[in-house]
Amino acid sequence: MIHLQNVTKSYRQGERSVLACEVRELRIEKGEHVALIGRSGTGKTTLLHVLAGILRPDEGTIDIAGRRIDTMSESERDRFRGQHIGMVYQTFNLLQPFTALENVLLGALFGRGASHAASQRAKSLLERTGLGDRMHHRPSELSVGQVQRVAICRALVNDPEVVLMDEPLGNQDRSTGGQVLQLLLELAREGGKTVVMVTHDPDSASRMQRTIDLATLRRHAS
Ligand SMILES: Nc1ncnc2c1ncn2[C@@H]1O[C@H](COP(=O)(O)OP(=O)(O)O)[C@@H](O)[C@H]1O
Ligand SMILES: [Mg+2]
């Protein structure tokens, strides 16, 4: 489902270029649930953005769901992401003027379209994540943990084959975080979804099928 080879991504900083992410090889099977770990600054967010097609790698090949995304144009990658990938950003990226429900439906707009079915699915996801009575609240009227759950619903509204999550439970209390992760993994199993979750929480990592430490994927692994 996911196969990376010899991928590097650097950021330009004035005259200098900073190597942010390096992966010799990474293979993740369809339906696999993987925890991605590594110290702060080791390139976890960069790798997720490369997988999502938000960033294009400097080198290397990326196959996702049978397609080479490293050779696609930006607009092709955007379309591909809308149809196949659900992304939960580390900074959530909800749009402030819109309600929780509208934010989730915006996810549908970039994917399968904001149909009646999408609206039903959006409401059902918000209810199942405990936000049934917060659908018409704006992000500024929600707690950080609630905003995070809205971002998770938005990532799932298109029923994507691949779900990428950047520390999605970081601001949840233990029991809410456990419930949201359980729901997420249930939905993923029902749909045969492939899940890659960046996490610092050993409990969360232990509920995934495999844990990958980013440091071990480098060409000269440390
Ligand atoms: N936009 C950027 N411009 C320059 N350097 C960046 C940028 N984003 C991240 N970096 C650097 O790239 C490295 C990897 O960052 P990141 O992928 O966010 O790591 P992680 O998510 O593992 O904490 C860090 O050293 C960070 O300082
Ligand atoms: Mg990060």
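Looking at the structure I just gave you, is residue 101 over 21 Å from residue 7 (Cβ atoms), open to solvent by less than 50 Å² (accessible area, probe 1.4 Å), away from ligand 1 (no atom under 16 Å from the Cβ) and modelled with pLDDT under 95? Answer is no for this residue.
For the stretch 29-46, the candidate set comprises residues that are away from ligand 1 (no atom under 13 Å from the Cβ) and not basic (Lys, Arg); within that set, the residue that is most open to solvent (accessible area, probe 1.4 Å) is 29.
Can you find, within the stretch 1-17, the residue that is nearest to ligand 2 (Cβ to nearest atom) among those that are more than 30 Å from residue 190 (Cα to Cα) and assigned to a loop (DSSP other than H, G, I, E, B)? In this case the residue turns out to be 14. Of the residues 122, 151, the single one that is over 30 Å from residue 38 (Cα atoms) and not charged (D, E, K, R) is 122. Restricting 170, 130, 145 to those that are surrounded by fewer than 16 Cβ atoms within 10 Å (Cβ to Cβ) and farther than 16 Å from residue 189 by Cα reduces the list to 130.
Of all residues in the stretch 1-28, those satisfying the criterion of being within 18 Å of residue 69 (Cβ to Cβ) and open to solvent by 70 Å² or more (accessible area, probe 1.4 Å) are 5, 6, 25, 27. Here residue 81 does not qualify as within 23 Å of residue 11 (Cβ to Cβ), of a type in the set (Lys, Arg) and open to solvent by less than 40 Å² (accessible area, probe 1.4 Å). Residue check: is residue 88 buried (at least 17 other Cβ atoms within 10 Å of the Cβ) and either touching a Cys at 6+ places or on another chain (Cβ under 9 Å) or among the β-branched types (Val, Ile, Thr) (or both)? Answer is yes for this residue. Note on the stretch 18-67: residues that are part of a strand (DSSP E or B), away from ligand 2 (no atom under 16 Å from the Cβ) and at pLDDT below 95 total 0. Restricting to the stretch 187-210, name every residue that is open to solvent by 70 Å² or more (accessible area, probe 1.4 Å) and either at positive phi or within 16 Å of ligand 1 (Cβ to nearest atom) (or both). Scanning the stretch 187-210 gives a single hit, 200.
Taking the stated definitions as given, is residue 94 touching a residue at least 24 places away in the same chain (Cβ under 8 Å) and either over 24 Å from residue 173 (Cβ atoms) or more than 19 Å from the chain's Cα centre (by Cα) (or both)? Considered against the rule, which asks whether it is touching a residue at least 24 places away in the same chain (Cβ under 8 Å) and either over 24 Å from residue 173 (Cβ atoms) or more than 19 Å from the chain's Cα centre (by Cα) (or both), residue 94 comes out as no.
The values are calculated or read from the model by the stated rules, or taken from the named source; none is laboratory data. The model shown is predicted, which means the values in this text are computed figures rather than measured ones. Cβ coordinates were reconstructed from backbone atoms using ideal geometry, including for glycine residues, and neighbour counts include every protein chain displayed. These accessible areas exclude ligands, DNA and RNA; they are computed on the full protein's heavy atoms, side chains included. Shrake-Rupley method; radii C 1.70, N 1.55, O 1.52, S 1.80 Å.
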